[in-house]
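Let me begin by presenting the structure, written as structure tokens, before commenting on it.
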Amino acid sequence: MSHDELGQLGISFNSMAERLQDLIENLETKVQQRTEELAFSEERFRQLVRELPNIAVQGYDTEYNILYWNRASEILFGYSSEEATGRKLDELIFPPEMRENFRKSVADWCENDIQIPASELMLRHQDGNDVPVYSTHVMQVDSHGRTTIYCINVDLAELKLAQAREQLSEAFYRKLFDHSSSGVIVYEPVNNGKNFIIRDINRAAEEIDHITREATIDRLATDIFPGLEKMGLLDVLLTVMKTGEPMFLPCSYYSDDHSHGWRENRVYKLPSGEVVAVYDDITARKQAEEHNEVMELRLQRAQKMEAIGLMAGGIAHDLNNTLSAIIGYPELLLMQLPEDSTMRQPIRTIKEAGERAAAVVADLLTVARGVANTQQSTDLNFLLHEYLNSQEYSEIQKQYPAIKFQHDLAANLPSILCSPVHIKKCIMNLTENAIDAVRQSGIIRFSTLTSTPDQEMQTHFGLKPAIYSILRISDNGTGIPNSDIEHIFEPFYTKRVMGKTGGTGLGLSVVWNTMKEHNGAVIVKSGSDGTTFDLYFPKIEEEARVTEKPAQAPDLRGNGEKILVIDDEPQQRELAKKILEYYGYSVICVESGENAINYLKTHHADLIILDMIMAPGINGRQTYEQIIKRHPSQKAIIASGFSESEDINKTLEMGAGLFMKKPYTMKELALSVKDQLKA
């Protein structure tokens, strides 16, 4: 071969070598680019993992001494951080047959820069059981040249991981990302953080917010979540984007057309500049907390009302004994005085004053909620008609001619079980309250309707998911200040002048306690346009229809029957004796239960009239309990100014005929005695 031919061949080889070099460099560039893309993806999801559970990380030095042991490691291997720190990693979680190879791998990495390969391993739990993991290692050298190696283990028993080493990072972290129980959304800022584009979401986010990954990726966050700004999360995303510092947005309410509920958000920034929100739906927990708060407030109010009620009941008992004389004796005097006597009017005035005082005491007893009363089936419309046709209502209309009274009563209203006298008292009290609110000129409206309480009302007011008959009294007055709303049902809490109609501070307390006695609720709504009170009554599921015969005027005279009056108050005994003797009965009075029991050991009584609270000594229930042991069919009437409902009910269950509330009129006493003697 000639020199020229050799030269030409050399040129060809050089040209080929250059082309091969170009191809190699181009390939290396593509490989490096792909590697950088994978590294970016890996770093992105690695940052996510730091905020997610189930990533077990152990840090150790070149002598295998454990320096770091996170919570996930405690769960995965069974050792607490205190138990693990300072011990040898290989001796703690590696089986004996793997320890030598592990140490050699660490030495090769430290001395020869041969990285420990990621691989599947079978490690060991504290209890001796196998722990299958996918394990990878990261080495870190600080500014002082100290080396720390981090072992990252993922439990393969719970996750199906990608096996190929080249695809491990993205597939592996994607699994963790998708299987987190917390919602995770990756946001990319646009317009300097004025808005964000959604770059990724996990399955939990899809379930929590009822969205799909396909419908949200690469769309503006405010398009997908229009309530983001109102919730406050948009500002948090912007702050984290600018500062790089993680933030926590606790217990915020989110709502839009397809999703709503309470959320807790933890927001942090990725090295890529993206912002991640990891959040949980805490709606169930929040609702439980609100329910507990409502129940606590209801309990506190009930305890307060009970304490005040006990006090009011004690006062009412003493007042009723006194009022019995103030009402009873004028009746006796009026029956004996001639019609033209100048003393009749003053005595009648005393009697009427006593009756007004008795009405206030009756309110106290309602507040005490210790009054036994008879409930009957009735219609709210009927009760309202009775009030609207009453003398009291007529007087109100005359007294306030500038007030317009309107009525709107529903047809076919379900019947309720109630004490009519107490419900009419509620209507009167709420009417007086409305009159005070409209201040001489305005509109007061009476309505009846039916409704089923929603979940919030059921929780706040203890109502059932059933149909209720509702009595509504509303006005267009000045409204009730927010500071007063929580207190208006407390006894003696009033802004009105004492002495005026309804100015005792008991009106709304009577309404509240009456509704509790009727297993209902009173709900008030107030604002600048006025106030509405709704009284919720449960309907009667099955009504027993009773045909009542026309009442005939009874003969109240007795025929010398022996009546035993048992009362610790001398005035009350003397008054009962005079009234009963006036109607023709033979009356014996004793001042205690013990004396009554002793008397009946050797005597008999056609009827006993029994006070419930007597001091000192045994009470009315205990007295009757002892009497019926000797006289099982002994007829009795309970007469008391106040008593615990439980004592009254037990005495009635033992055989007492009825409860008669003090102060009673002559006619009430005579009629009760006549009825019981006939029974």
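General remarks:
- Positions within the stretch 134-147 being open to solvent by 20 Å² or more (accessible area, probe 1.4 Å), polar (S, T, N, Q) and under 18 Å from A72 (Cβ atoms), in sequence order: T136
- Among residues of the stretch 518-532 that are over 15 Å from N433 (Cα atoms), those with a Cβ under 8 angstrom from a residue that is among the hydroxyl-bearing types (S, T, Y), sequence gap 6+ or separate chain, pair up as H518/S419; G520/Y468; G520/Y536; A521/Y536; S528/T478.
- Of note, V190 does not satisfy the criterion of being open to solvent by less than 10 Å² (accessible area, probe 1.4 Å), farther than 20 Å from I66 by Cα and either modelled with pLDDT of 85 or more or in contact with a Ser or Thr (Cβ under 8 Å, 6 or more places away or on another chain) (or both).
- Identity of the residue in the stretch 640-679, open to solvent by less than 40 Å² (accessible area, probe 1.4 Å) and of a type in the set (D, E, K, R), that ends up nearest to K562 (Cα to Cα): K674
- Taken together, the residues in the stretch 233-253 that are open to solvent by less than 20 Å² (accessible area, probe 1.4 Å), modelled with pLDDT of 85 or more and either closer than 18 Å to T283 by Cα or among the charged types (D, E, K, R) (or both) amount to 1.
- The residues in the stretch 641-679 that are at pLDDT below 85 and under 38 Å from the mean Cα position of the chain (by Cα) can be counted, and the count is 10.
- In the stretch 73-121, counting only helices (runs of 4 or more DSSP H) that sit wholly within it, the ones holding 2 or more residues that are open to solvent by 40 Å² or more (accessible area, probe 1.4 Å) span 81-84, 96-112.
- Just so you know, in the stretch 551-574 the residues that are over 19 Å from Q676 (Cβ atoms) and not acidic (D, E) include one that is least open to solvent (accessible area, probe 1.4 Å), and it is P570.
- Residue match in the stretch 418-438 (condition: farther than 18 Å from N381 by Cβ and assigned to a loop (DSSP other than H, G, I, E, B)): no
- Identity of the residue in the stretch 384-412, open to solvent by 40 Å² or more (accessible area, probe 1.4 Å) and within 36 Å of the chain's Cα centre (by Cα), that ends up farthest from V438 (Cα to Cα): N412
- In the stretch 575-599, the qualifying residues are those that are in contact with a strand residue (DSSP E or B) (Cβ under 8 Å, 6 or more places away or on another chain) and among the aliphatic types (A, V, I, L, M), and the one that is most open to solvent (accessible area, probe 1.4 Å) is I588.
Rundown of residues vs (1) at pLDDT 90 or above; (2) among the aliphatic types (A, V, I, L, M), yes/no style:
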site	(1), (2)
Y79	yes, no
A84	yes, yes
E97	yes, no
F102	yes, no
D108	yes, no
D113	no, no
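- Residues in the stretch 413-456 that are of a type in the set (A, V, I, L, M), out of contact with any Ser or Thr (no Cβ under 9 Å at 6 or more places or on another chain) and open to solvent by 40 Å² or more (accessible area, probe 1.4 Å): 1 in all.
- Where a residue in the stretch 93-111 is of a type in the set (F, W, Y) and its partner, wherever it lies, is in a helix (DSSP H, G or I), with Cβ under 6 Å and at least six apart: F94/F102; F102/D90
- Of all residue pairs spaced 6 or more apart or on separate chains, none has beta-carbon atoms under 9 Å together with a first member in the stretch 133-155 that is within 18 Å of D90 (Cα to Cα) and assigned to a loop (DSSP other than H, G, I, E, B) and a second member that is open to solvent by less than 30 Å² (accessible area, probe 1.4 Å) and at pLDDT below 85.
- Residue count for the stretch 347-385 satisfying the condition of being at pLDDT below 65, part of a helix (DSSP H, G or I) and among the polar types (S, T, N, Q): 1.
- Qualifying residue in the stretch 206-220 (condition: more than 33 Å from the chain's Cα centre (by Cα), open to solvent by less than 50 Å² (accessible area, probe 1.4 Å) and not hydrophobic (A, V, I, L, M, F, W, C)): yes
- Close pairs from the stretch 327-343: first within 17 Å of E574 (Cβ to Cβ), partner of a type in the set (A, V, I, L, M, F, W, C), Cβ under 6 Å, at least 6 apart: G328/L575; P330/I347; P330/I350; E331/M666; L333/I347
- Residue in the stretch 402-409 that is of a type in the set (D, E, K, R), within 16 Å of T532 (Cβ to Cβ) and in contact with a Ser or Thr (Cβ under 8 Å, 6 or more places away or on another chain) present: yes
- The stretch 56-109, residues that are basic (K, R) and within 16 Å of S135 (Cα to Cα): R99, R103
- Residue match in the stretch 268-286 (condition: at pLDDT below 85, open to solvent by 50 Å² or more (accessible area, probe 1.4 Å), among the hydrophobic types (A, V, I, L, M, F, W, C) and closer than 30 Å to M457 by Cβ): yes
- Residues satisfying the stated conditions in the stretch 122-133, i.e. out of contact with any Asp or Glu (no Cβ under 9 Å at 6 or more places or on another chain) and either open to solvent by less than 60 Å² (accessible area, probe 1.4 Å) or within 25 Å of T62 (Cβ to Cβ) (or both): H125, G128
The values are calculated or read from the model by the stated rules, or taken from the named source; none is laboratory data. Note that this is a predicted model, so its numbers are computed, not measured. Note that we place each Cβ from the backbone using ideal geometry, even for glycine, and neighbour counts take in every protein chain shown. Note: areas computed on protein heavy atoms with side chains; ligands, DNA, RNA excluded. Shrake-Rupley method; radii C 1.70, N 1.55, O 1.52, S 1.80 Å.
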